[in-house]
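Heads up: the structure comes next, in structure tokens.
All of the numbers you see were taken from the coordinates with simple rules; none came from a lab. Since this is a predicted model, take the numbers as computed values, not measurements. Here the Cβ positions follow ideal geometry from the backbone for every residue, glycine too, while neighbour counts run over all protein chains shown.
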Amino acid sequence: MSPEYIGLIGVGFLVVLLFMRMWVGLAMAVLGFLGYAAITSIKNALLVAGSVPYSALANEAVAAVPLFILMGVVVSNTGVSGDLYHAAYKWLGQLRGGLAMSTVVACGGFAAMSGSSAATAATMGKVALPEMKKYNYDEKLSTGAVAAGGTIGILIPPSMGFILYGILTEESIGKLFMAGIIPGILEILFYIAVIFILCRSNATLGPAGPQIGFMEKVAALKYTWAMLVLFLLVMGGIYGGWFTPSEAGAIGAFGAIVISAVSRKMTRENLVTSILEAARTTAMIVLIIAGAFIFMKFMAVSRLPSWLADFVAGLQLPPMVIMLLILLLYIILGMFLDIYAAILLTLPILFPVIVSLGFDPIWYGVVMVRVMEVGLITPPMGLNVFILAGATNTPLGIIFRGIVPFLIADILHIALLVAFPGISLFLVRMM
Amino acid sequence: MPTMKKTHFIKRTINSISRGMGFIAICILVAMMILTVLDVFLRRVFNSPIPFSLELVEFMMVVTGFLGLAWCAMSGAHIRVDLIVSRMPARAQGIIDSLCYLAGFGISAIIAWRSVMESLAIRKLHTESTVLGIPIFPFYWVVAAGFAALALSILILLARSLKEAAKG
């Protein structure tokens, strides 16, 4: 049996184990180990099992994982989300649909502190939905805005998606972060446009709030400026090359703790909860990183990825057609898989194909993460929708219907990013 | 019954091992943050970086990452894809989960065992970190400890799903 064939069988069995709801990290480790043994020898596979988990983790870049997670959980546990929302509301509230727009903007602001979409949706949902209910907003619009706005969490840096992509492909995490900024801001604008159009055609969806004076608007920023400064420090430091992404993560986490302590939002209890949560999430991601690196060893000896790259090149299709097929695959994967799992599962197989087709790996990272956001709000597994439904007792059907206009915006936004790589790469080229 | 007491005792022991390791993971995570912030601060402001910061961070990452594994397993937080199995009858779920936990136990035990062997091999080579000269071999023990505890935690989960499978 040729190694490529064994590789293919291995991928098949991996899918089976995943559907048997085996932990993703261990499933990859098991098949990576068995596949490596089948192609080389048991002895070599045992060497891989003993050395790869250590070497996968003993890497400065991996330290970005726990540190940015810590920053995100501190921010979400200390009520910064409320401040962001109220500041955005003071500026946009008097417009029709203004509360929903504020939600999206606040989601973007929260995304700049947190690398997780689920956390963004859950935290903003708690703050924004009661307000929108108070002002008689249509339930479809309000939940749709939170669920869709939440997906911005992994596009605007810091982003756990980019960190994992960088660790696996050895692309620069800093460049990926920079590449996510403009697309993330554009996504916010797209969602605001959706809300604007919806409320223009039907004013009862989102009634306008009272007028608010300019001074009050400025005053509302007083609670958020510290977080803005922290974001600029963290990202500016990466942009200017003052420190590495992991160091930026440490500064971000430390800064978030200091800011919430100074503004008296930090209790000992939520500091402890935050650190516990960060350590647990880290362990969860570490297991899939270790599994993915063992699986990558198997993929490398099977030569399946390079065979796949040759095969795809032999199809004589324009690269863009292949790219669209791959993106379609990611939309489907995103519907079923956890986003971190999807990244770590597919990159060992597909990344060489992307590179051999001549696509920019940084641009591809942005588009891939953006495409998987869609899976967070589509049936059957739309994670953000489930989180919201659970947190607010809104029926799933209502949220899914509320999502539809935002999905249309998603498709246009993705098309724009694919058609004009410069949108993603502009800041990277300036670095 | 004495056997009940015994299994209870084993469960409690495994639980406390995983929590103890989790506690170390948490402390190291906090230390890692403080060390890195200090290093950047000293480097940018006083132009005198901590020369060993980078290698310590790598070691700390190994400790904080692997010692949290078992604790994460006991709190049911590891990522899995549950599309089909949860819709099956309880007994089928028990059987499928048992198979997965068995495989998971196997690979975790293998990684733990081989990390010990790797540690012994590296010890002979006297591999050390560049600045502080910290020997690297003990950190393979950390990997081994993390995966050994993970394997033990999986045993508890395995026992639970076997019970489910046997109910019928």
**OP:** Return a whole-number percent for the relative contact order of the range A:332-431, with Cα pairs under 8 Å and 6 or more residues apart as the contact set.
**Re:** 29 percent
**OP:** Compute the distribution of all C-alpha to C-alpha distances in the range A:82-131, in bins of 5 Å from 0, and list the percent of pairs in each, rounded to whole numbers.
**Re:** 5, 25, 35, 22, 10, 3, 0
**OP:** Note down the Stokes-Einstein diffusion coefficient of the range A:283-368 in µm²/s, whole number, using a Kirkwood radius over alpha carbon pairs, 4 °C, and 1.567 mPa s.
**Re:** 95 µm²/s
**OP:** Please report A:His86, B:His8 as a ranked list, fewest other C-beta atoms within 10 angstrom at the top and most at the bottom.
**Re:** B:His8, A:His86
Original post:
Hey, can you rank A:113-119, A:228-234, B:110-116 by average C-beta count inside 10 Å, highest first?
Top reply: A:113-119, B:110-116, A:228-234
Original post:
Label A:Thr204 and B:Ile10 with points 7 Å out from Cα along Cα→Cβ: what is the distance between them in nm?
Top reply: 6.5 nm
Subject >> Loop-resident sites, the range B:120-161, for chymotrypsin sites (Phe, Trp or Tyr not before Pro), counting at most 11 other Cβ within 10 Å (DSSP) >> reply: none
Original post:
Length gain on complete extension for the stretch A:Glu269 to A:Lys222, per 0.36 nm per residue less the alpha carbon to alpha carbon distance?
Top reply: 14.4 nm
Original post:
Which helices pass in chain A if a helix is a full DSSP H run, must span at least 30 angstrom along its long axis by Cα, and must have mean Kyte-Doolittle hydropathy not below -0.5?
Top reply: A:173-201, A:268-302, A:396-419
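Quick one: what do you get for the range A:1-139 if you divide its Cα Rg by 2.2 N^0.38 Å?
Against the empirical 2.2 N^0.38 Å value, I get 1.63 for the range A:1-139.
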Subject >> Rounded, prolate or oblate (a/c below 1.5 giving rounded, otherwise prolate when a/b exceeds b/c) for the range A:221-366 by Cα gyration tensor >> reply: prolate
**OP:** Determine how many Å³ per residue the convex hull of the Cα atoms of the range A:217-303 encloses.
**Re:** 146 Å³
**OP:** Evaluate Rg over Rh across the protein assembly as shown, taking Cα atoms for both radii and Kirkwood's formula for Rh.
**Re:** 0.97
Subject >> For the range A:116-260: span of alpha carbons on each principal axis (Å, largest first) >> reply: 50, 35, 23
Original post:
Cα to Cα, under 30 Å, and not fewer than 8 places away if on the same chain: which lysines meet these conditions relative to A:Lys90?
Top reply: A:Lys126, A:Lys133, A:Lys134, A:Lys140, A:Lys217, A:Lys222, A:Lys265
Subject >> Sequence-separation-based contact order of chain B, relative, with Cα cut under 8 Å and 6+ spacing, percent >> reply: 31 percent
**OP:** With runs of 4+ DSSP H residues as the only contributors, calculate the mean residue ellipticity of chain A at 222 nm using -39,500 (n - 2.57) per run, divided by the residue total and rounded to the nearest 500.
**Re:** -26000 deg cm²/dmol
Subject >> Rg(Cα)/(2.2 N^0.38 Å) for the range B:15-104, N = residue count >> reply: 1.64
Subject >> Cα-based radius of gyration of chain B once divided by 2.2 N^0.38 Å, which approximates compact folds >> reply: 1.32
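How crowded by other chains is A:24-35, given as the mean number of beta carbons from other chains within 10 Å of each beta carbon?
5
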Subject >> Residue-averaged beta-carbon neighbours from other chains (10 angstrom radius) around A:11-23 >> reply: 5
Subject >> Highest average packing first - A:146-153, A:420-427, Cβ atoms within 10 Å >> reply: A:146-153, A:420-427
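May I ask for the percentage of alpha-carbon pairs in the range A:67-198 that lie more than 25 Å from each other?
Summing the P(r) of the range A:67-198 above 25 Å gives 23 percent of all pairs.
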**OP:** Compute the distance in nm between two label points, each set 7 Å from the Cα along the Cα-to-Cβ direction, one at A:Val16 and one at B:Ala77.
**Re:** 3.3 nm
Subject >> Over chain A, relative contact order from alpha-carbon pairs under 8 Å, at least 6 apart, % >> reply: 26 percent
Subject >> Separation of the B:Phe23 and B:Val131 label points, Cα + 7 Å toward Cβ, nm >> reply: 3.0 nm
Original post:
Helix-derived [θ] at 222 nm for chain B: sum -39500 (n - 2.57) over DSSP H runs of at least 4, divide by residue count, nearest 500?
Top reply: -28000 deg cm²/dmol
